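Quick notes on the structure that follows.
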Amino acid sequence: MSESAKVDVSDYSFEKAVAELESIVARLERGDVALDESIAIYERGEALKKHCETLLSAAENRIEKIRLDRAGKPQGTEPLDGQ
């Protein structure tokens, strides 16, 4: 496994993880990577994808919807899904 495949992604920002994931996809699509390295970077891509999904889920849980009163004025916030 290459050194880059071993690097922990848990503290990557969403943007950094997506950028690296896009780079991995491009390399795999070009097909100019040896089989062993293809497997290693595919596994890294899976880790990056999972990390992005976790970050997106956390962001969705934090999103709040603004509640309006009958006059249309902001009155507070509530969870986006109403829970």
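The values are calculated or read from the model by the stated rules, or taken from the named source; none is laboratory data. All values derive from a computational prediction rather than experimental measurement. Every residue, glycine as well, gets a Cβ built from its backbone with ideal geometry; the counts of neighbours run over all protein chains shown. With ligands, DNA and RNA removed, areas are computed over all heavy atoms of the protein, side chains included. Shrake-Rupley method; radii C 1.70, N 1.55, O 1.52, S 1.80 Å.
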Original post:
So which residues in region 2-30 are touching a residue at least 24 places away in the same chain (Cβ under 8 Å) and open to solvent by less than 50 Å² (accessible area, probe 1.4 Å)?
Top reply: SER2, ALA5, VAL9, TYR12, ALA17, VAL18, GLU20, LEU21, ILE24
Original post:
Does VAL33 satisfy the condition of being at pLDDT below 95 and surrounded by 13 or more Cβ atoms within 10 Å (Cβ to Cβ)?
Top reply: yes
Subject >> Tally of residues being under 19 Å from SER57 (Cβ atoms), of a type in the set (S, T, N, Q) and at pLDDT 95 or above across region 8-30 >> reply: 1
Subject >> Selection count where residues are open to solvent by 50 Å² or more (accessible area, probe 1.4 Å), within 30 Å of ILE24 (Cβ to Cβ) and of a type outside the set (Asp, Glu), scope region 59-83 >> reply: 3
**OP:** Would you mention how many residues in region 52-80 are within 25 Å of the chain's Cα centre (by Cα), assigned to a strand (DSSP E or B) and either basic (Lys, Arg) or modelled with pLDDT of 80 or more (or both)?
**Re:** 1
